[in-house]
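What follows is a single structure, written as structure tokens, with notes after it.
The numbers here are math on the coordinates, done by the rules we state, and not lab data. These numbers were taken from a predicted model, which means no experiment stands behind them. Here the Cβ positions follow ideal geometry from the backbone for every residue, glycine too, while neighbour counts run over all protein chains shown.
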Amino acid sequence: MASATAASTEQIAAVIRGRRSVDLYESDTVPNAVMVEAIDVARWAPNHRLTQPWHFYLVGPTTRRGVTDLAVELDVAKKGERAGPVRRARLDAVPGFLVLTMRRSDDALVEREDYAACCCAAQNLALYLWQRGIGTKWTTGGITRDPRFYALLGIDSAKESVVGFIWYGKPKVVPTQQRKPAAELVTELP
């Protein structure tokens with residue numbers, strides 16, 4: 001294993017500490033080639049038994065319209081008519097959508113391990129993109145569990161489950177955030 005220099009170690013730490021979930025984006029689109037590069041890096045996530053359970057769907061304009069319409073419909077049903085235009089405007093302002101799924105398993109332990117692996121892949125994706133100046137927001141809202149969402153994406157829910165609906169684009173605003181100190185999170189055992 002190659003050893004990291006102090007500078008590269010700090011660069012990695014800075015990317016990890018600096019990454020944020022982004023809600024507001026510039027209007028610039030991100031080329032699909034950049035997203036495929038990010039997926040290429042994401043797939044190197046640790047995964048038990050080398051199952052490589054992930055699949056990535058880059059959402060194009062036709063599918064995007066259907067996804068946005070469904071999200072609006074779900075918000076209107078839950079919050080009333082006034083929620084529809086707000087949801088549509090919010091989603092229309094996001095330059096790109098990606099959906100991450102995992103292969104289903106009849107074995108509960110394998111399914112749990114595969115979900116964890118997909119979460120690692122999502123983090124790899126987010127960190128790679130962040131280093132390139134592209135923000136993400138990993139969402140798991142009600143739309144990701146709606147059978148119509150699966151149908152829009154051509155996903156067989158008996159074979160795959162959605163791990164995340166990921167928004168991406170160049171950040172307009174980078175939120176600030178705090179974390180608890182590590183000392184509050186660590187228990188040293190004898």
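Annotations
- A straight chain from Ala116 to Lys172 at 0.36 nm per residue would run longer than the Cα-Cα distance by 17.1 nm.
- Of all beta bridges that DSSP places with both ends in the chain, some 95 percent have antiparallel geometry.
- Dividing the mean sequence gap of close Cα pairs (under 8 Å, 6+ apart) by how many residues the stretch 23-169 holds gives a relative contact order of 36 percent.
- Extension reserve of the Leu58-Gln11 stretch, reckoned as 0.36 nm per residue once the Cα distance is removed: 14.0 nm
- For the stretch 109-137, the residues whose amide N sits under 11 Å from a probe point set 7 Å from the Cα of Ser21 along the beta carbon direction are 137.
- Among the GluC sites (Glu not before Pro) in the stretch 79-128, those placed in a DSSP loop whose Cβ has at most 11 other Cβ atoms within 10 Å are Glu81.
- Using 0.36 nm per residue and subtracting the Cα-Cα separation, the extra length available between Ala83 and Thr139 on full extension is 18.3 nm.
- Within straight-line cross-link reach of Lys78, lysines at Cα separation under 26 Å, skipping those fewer than 8 residues along the same chain: Lys137
- Paramagnetic label zone (point 7 Å from Cα along Cα-to-C-beta, Glu73; backbone N under 19 Å) in the stretch 123-161: 141-157
- Percent breakdown of C-alpha pair distances by 5 Å bin, ordered from the shortest bin, for the stretch 23-169: 2, 10, 19, 21, 20, 15, 9, 4, 1, 0
- Computed packing ranks the peptides 88-101, 158-171 as 158-171, 88-101, most packed first, by mean other Cβ atoms within 10 Å.
- Spatially, the stretch 52-122 and the stretch 31-51 are offset by 18 Å when compared through their Cα centroids.
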